[in-house]
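Reading through the structure tokens given below for one structure.
The values are calculated or read from the model by the stated rules, or taken from the named source; none is laboratory data. In this text the structure is predicted, and so the values were computed from the model without any measurement. Heads up, the Cβs are rebuilt from the backbone with ideal geometry, glycines too, and the neighbour counts pull from every protein chain shown.
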Amino acid sequence: LVEQRPWKHDIMDIMQLISCLSFVASKKLRIAQNVWGSWSAYSIVLEPMQTNGYDCGLWVLAQVVAVLRGRDITNLREEDLGKFQ
């Protein structure tokens with residue numbers, strides 16, 4: 001299961017990654033870029049999204065894609081993950 005704040009010391013790296021991804025998305029998709037204001041990092045899902053031990057990174061990327069598209073959470077299911085890859 002997800003630790004409550006294992007990424008606490010990685011916030012600046014996470015912010016840099018999100019800023020870069022948002023910039024690319026805003027240019028390619030012609031959407032407003034809104035990451036420069038105040039924001040907070042928090043866990044959206046506290047239980048595993050997969051039954052195996054190796055797809056967690058894909059779930060993180062799927063969640064990032066959902067946020068960049070203006071959603072709160074991805075609607076992918078485990079059986080859909082192969083299509084996302």
Which of the residues that make up the stretch 18-29 are over 12 Å from residue 70 (Cβ atoms) and touching a residue at least 24 places away in the same chain (Cβ under 8 Å)? 18, 21
Residues of the stretch 53-84 that turn out to be assigned to a loop (DSSP other than H, G, I, E, B), under 14 Å from residue 21 (Cβ atoms) and small (Gly, Ala, Ser), as a count: 1
Residue within the stretch 75-85 that is closer than 20 Å to residue 15 by Cβ, polar (S, T, N, Q) and modelled with pLDDT under 80 present: no
